[in-house]
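Step one of this worksheet: look at the structure below.
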Amino acid sequence: MRVIYIPLFWGSLWGIAEATLGHLLHIMCIPALPGAVMFPLGVYFMVRAFVSSGKISIIFLTSLVAASFKLVDLFLLAQGIAAVINPVLAILAESLLVMLFFAFLIFGAFADFAEIIGLKSTLD
């Protein structure tokens, strides 16, 4: 039962960051700044959720929670639907890429590297 709290916790933190910091970065209208800041932040939250649970599927569940927080912007802020939906889709796509990366890292060609950095030993 504890596993359900992991994506709720990390996804909530990520979603709040996306809804506040992400919105402020978009308002600044500096090209590529929101992505350059929010992508590493999102990866941090996904990695923390993954390490806490040891399950790759937790990454996507964490992104669903974060995306739901971002969807709240539809009701609170006077902005177009595309300004909210695009980041939501980016959050979900980002999680799929991180899941793919971890799957490849742990089970694929970089499995030896994962063992060297200690990632694989934490999952065994």
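The values are calculated or read from the model by the stated rules, or taken from the named source; none is laboratory data. Because the structure is a prediction, the values reported are computed rather than measured. All Cβ positions, even for glycine, are placed from backbone atoms using ideal geometry, and neighbour counts span all protein chains on display.
See the values below:
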| read-out | value |
| --- | --- |
| Helices (runs of 4 or more DSSP H) enclosed by the range 1-55 - at least 3 residues per element that are out of contact with any Cys (no Cβ under 9 Å at 6 or more places or on another chain) and at pLDDT below 85 | 23-27 |
| Selection from the range 17-36 of residues that are over 16 Å from residue 93 (Cβ atoms) and either among the charged types (D, E, K, R) or surrounded by 15 or more Cβ atoms within 10 Å (Cβ to Cβ) (or both) | 17, 19, 23, 25, 26 |
| Number of positions in the range 49-81 that are within 10 Å of the chain's Cα centre (by Cα) and either among the polar types (S, T, N, Q) or more than 15 Å from residue 92 (Cβ to Cβ) (or both) | 2 |
| Residue 52 vs. criteria more than 30 Å from residue 27 (Cα to Cα) and not hydrophobic (A, V, I, L, M, F, W, C) | yes |
| Odd one out for residue 78, checked against (1) modelled with pLDDT of 90 or more; (2) of a type in the set (Gly, Ala, Ser); (3) more than 21 Å from residue 96 (Cα to Cα) | (1) |
| Some residue of the range 51-62 being farther than 21 Å from residue 2 by Cα and either surrounded by 14 or more Cβ atoms within 10 Å (Cβ to Cβ) or in contact with a helix residue (DSSP H, G or I) (Cβ under 9 Å, 6 or more places away or on another chain) (or both) | no |
